[in-house]
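The values are calculated or read from the model by the stated rules, or taken from the named source; none is laboratory data. Just so it is clear, the structure is predicted and the values come from calculations on it, not from any experiment. We place every Cβ from the backbone using ideal geometry, glycine too, and count neighbours over all the protein chains shown.
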Amino acid sequence: MPAHSNPVVLFVDDEPQTLHAYRSLLRREAYDILTAGSGEQALQILRKNQVDIVVADERMPGMTGTELLAVVQRDYPDATRIMLTGEASLEASVRAIKGGIYQFLSKPVEPEDLRRVISAALRSNLVHRM
């Protein structure tokens, strides 16, 4: 697996402009940003890269964010999982958190909220790995 000097964040969304927006939003942060347009593409990236955080949209063709993050939890347990969705319901939030998802965010996500959650997740990763 390629070694990254910075924490690696993988964004998964089937909307290219959304992926571009996330990359632009975090370009000044000390993160290596990877993007995938589908759950399958995300799994290919995970096989080849050490990823610290996976941020996935729920509604994607083929594999949903929930399905993807369940595979990530099973196969890449050190990767923190964050769910983004445009259809936030209390039931979906509870299901996501019970499924081992670190944070559940509603779209459109406020830039500062996304930065804060990623930063907190990385701090949490460091504490758990010590």
Tally the residues that are touching a residue at least 40 places away in the same chain (Cβ under 8 Å) and not in a loop (DSSP other than H, G, I, E, B), restricting the search to the range 19-53. 4
Failed item in (1) in a helix (DSSP H, G or I); (2) modelled with pLDDT of 90 or more; (3) under 16 Å from Glu29 (Cβ atoms), with Ile82 passing the rest: (1)
Unmet requirement for Ser119, which otherwise passes all of (1) surrounded by fewer than 16 Cβ atoms within 10 Å (Cβ to Cβ); (2) in a helix (DSSP H, G or I); (3) modelled with pLDDT under 90: (3)
Expected single match for of a type in the set (D, E, K, R) and under 18 Å from Gln103 (Cα atoms) among Asp57, Asp14, Asp32 is Asp57
Matching residues in the range 54-75 - criterion: being part of a helix (DSSP H, G or I) and either basic (Lys, Arg) or without any contact (Cβ under 8 Å) to a residue 40 or more places away in the chain (or both): Thr66, Glu67, Leu69, Ala70, Val71, Val72, Gln73, Arg74, Asp75
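Is it the case that the range 89-112 has a residue that's under 20 Å from Ser24 (Cα atoms), more than 14 Å from the chain's Cα centre (by Cα), at pLDDT 85 or above and in a helix (DSSP H, G or I)?
Yes, some residue in the range 89-112 is under 20 Å from Ser24 (Cα atoms), more than 14 Å from the chain's Cα centre (by Cα), at pLDDT 85 or above and in a helix (DSSP H, G or I).
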